[in-house]
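**Student:** Okay, here's the structure, questions in a sec.
All of the numbers you see were taken from the coordinates with simple rules; none came from a lab. Being a predicted model, the structure only gives us computed values, none of them experimental. We place every Cβ from the backbone using ideal geometry, glycine too, and count neighbours over all the protein chains shown.
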Amino acid sequence: MKTRMNKTTLALCLVLSILFLADSIPVGAATVLPEGLIMEDTFRPGRGRSVGKVQQVQGDVVIMHGNVLKGYKAARGTRLYKDDTVMTMESGRVRFRLNDGSILSLAFETKLKLTKSVYSKKKKRRSSFLQMALGKARFFVVKVLDFKRSEFKVKTPTAVCGVRGSDFILEATGAETIATALVDTELEFQSIEFIEETPIILKDFETSSVRLGQRASTPAKLPEEEIIRMKKIFIDVESDADSGTDEGEDIQTELDDDTGVDDVGALGDEMDLEKILLDDVGLERDFKDKKGYLADNTEPVVETIKESVIESSKDSWSDTIKESVIEEIIHSELPEFPDGPL
């Protein structure tokens, strides 16, 4: 009898322990935060130059650099870097500004990765690629009409959005993506499964969805009250966009400089194109067609640069890399995400 009571007591203690641990973990953390993530007390910058800065935080928001399982609590002024993942918890919301002036606002339980963000005012070039695994986000993308090259794409598990200057909202799960265009917006939206087809165009206050394995639905107008409800989920972006930057000359200095281009140490990451080009998109066939181009052109360019600058200083070498290698990669015919007209 005593043995049976001891077993019952032990089982009860185990159940209570599990319940206690479950209560101590924020709802949504199990899906938003990667398994094994360790929270650090002191923020450490990522690699290369900053590509943006946090403007406002509400609740718990975590930032992770690349694939390193170390998390940092986001705060106003926290710098963002290439390959950073921004994750909001159950009650967390965050707004941040990229160096091209675009503003992103993430609602609760959202996971967004800054896969690539290159902005050069001098060279008139912008190239931004983001991956949104789940959640809800609003994107206020600045228009750059006189740039030679301007790309801003967002990839979700089921869809790809391409914009040049727009205000829109994305809601993503593993099975469906819903895109909603706001005022003065033209948004390209298409299914990853049918990436070779012409994308649909969403204009002011139109919405469309892509379910797993299906094409984008026919655009439909949303009533004004629904648009108002959706906007309330996010930290406002319109007041900041209308009044200009709230960080004065600091942001302006970034806008006038080449940003998002890593220093010498990150050259290997830039050359690892297959990771970006083929990431869950199904472009293996297209990559094979371009593989010969990489072998015949990119590698000789790198070797030539190394030989010509071997006696140069670190800064000079970094500038040559920026001018030659990065330009060669970005302006080649290789797709960087699912192709589709912008």
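**Student:** Local charge sum around SER117 (other residues, Cβ-Cβ under 9 Å, Lys/Arg +1, Asp/Glu -1)?
**Tutor:** Working: positive: LYS82, LYS116, ARG126; negative: ASP100.
Counting the neighbours of SER117, the net charge comes to +2.
**Student:** Please give the FRET efficiency for ARG44 paired with ALA175, using the beta carbon to beta carbon distance and R0 = 25 Å, rounded to the nearest 0.05. Write down the numbers at each step before the final one.
**Tutor:** Details: r = 36 Å, r/R0 = 1.42.
Calculated transfer efficiency: 0.10.
**Student:** Mind checking the full-extension length gain between ARG76 and LYS148? Use 0.36 nm per residue of separation minus the Cα-Cα distance, one decimal, nm. Please list the in-between numbers first.
**Tutor:** Working: separation 72, 0.36 × 72 = 25.92 nm, distance 3.29 nm.
Contour length minus the Cα-Cα distance gives 22.6 nm.
**Student:** At 7 Å along the Cα-to-beta-carbon direction for both GLU90 and LYS123, put a label point, then send me their distance in nm to one decimal.
**Tutor:** Here the modelled spin labels are 4.6 nm apart.
**Student:** With only alpha-carbon atoms counted, please give the Rg and Dmax of the range 32-259, in Å.
**Tutor:** Rg, Dmax (Cα atoms, Å): 16.8, 48.
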